[in-house]
Amino acid sequence: MTRQSRRLALACLALATAAMLAGCQRGDTTVSADPNSPQPPPASTLAPATPRATPPQRDPAPSPPTAPVIPSPIRQVHQGDRLFGVYWVSASLAQLSPVEQRLRALGHPASSGDLDCDQGARRWLGVADSVTSRVAVYFGTEQDARAFAEGVEVRPRPYGVAAATLYCLD
């Protein structure tokens with residue numbers, strides 16, 4: 001191949017490349033060596049070859065933990081009321097003093113005293129006769145009492161929930 005023919009071949013190659021690039025800039029992405037070959041549909045109907053990148057989603061700032069919403073105990077109880085109590089029990093009222101103080105610090109009306117003053121509670125709770133003292137908060141429904149027992153931030157956890165008729169309130 002002579003020098004002149006090489007120049008001509010390079011010029012043709014450069015021209016062909018320029019034509020292809022000009023076609024790509026207009027949005028025509030098809031190049032066919034054979035003009036009789038079937039042409040693909042226009043670019044506007046084709047799905048993109050690669051999925052479009054979406055910007056990463058930022059998680060919203062985590063909200064601060066909230067205390068569980070628990071039912072409010074009944075504030076005023078009366079002799080003969082039949083209620084549901086959440087009970088902490090012990091052989092000694094002195095052992096329950098921290099529980100009573102914590103409940104009051106949380107704004108709950110804690111009641112302390114003899115377990116047998118809440119008639120029926122001992123049987124519902126299934127505690128031994130040696131267990132004589134209790135701290136309790138009272139509710140109108142068993143559902144509210146159970147929800148309170150599960151959500152209250154007091155340690156030790158309540159011993160249980162029981163239905164009782166209240167006495168010894170004089």
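Once the range 97-134 is narrowed to residues that are aliphatic (A, V, I, L, M) and under 32 Å from the mean Cα position of the chain (by Cα), the residue that is farthest from residue 70 (Cα to Cα) is 99. Among the residues of the range 135-144, those identified as crowded, with 16+ Cβ neighbours inside 10 Å and either over 35 Å from the mean Cα position of the chain (by Cα) or under 14 Å from residue 71 (Cβ atoms) (or both) are 137, 138, 139, 144.
State yes or no: is residue 128 exposed (fewer than 15 other Cβ atoms within 10 Å of the Cβ), hydrophobic (A, V, I, L, M, F, W, C) and in a loop (DSSP other than H, G, I, E, B)? Against the criterion (exposed (fewer than 15 other Cβ atoms within 10 Å of the Cβ), hydrophobic (A, V, I, L, M, F, W, C) and in a loop (DSSP other than H, G, I, E, B)), residue 128 qualifies.
Residue-wise test of (1) within 17 Å of residue 168 (Cβ to Cβ); (2) out of contact with any Cys (no Cβ under 9 Å at 6 or more places or on another chain).
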| site | (1), (2) |
| --- | --- |
| 75 | no, yes |
| 99 | no, yes |
| 107 | no, yes |
| 115 | yes, yes |
| 118 | yes, no |
| 141 | no, yes |
| 145 | no, yes |
| 156 | no, yes |
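Every number in this text was worked out from the coordinates using simple rules, so none of it is lab data. On a predicted model such as this, the values are computed, not experimentally measured, just so you know. Cβ coordinates were reconstructed from backbone atoms using ideal geometry, including for glycine residues, and neighbour counts include every protein chain displayed.
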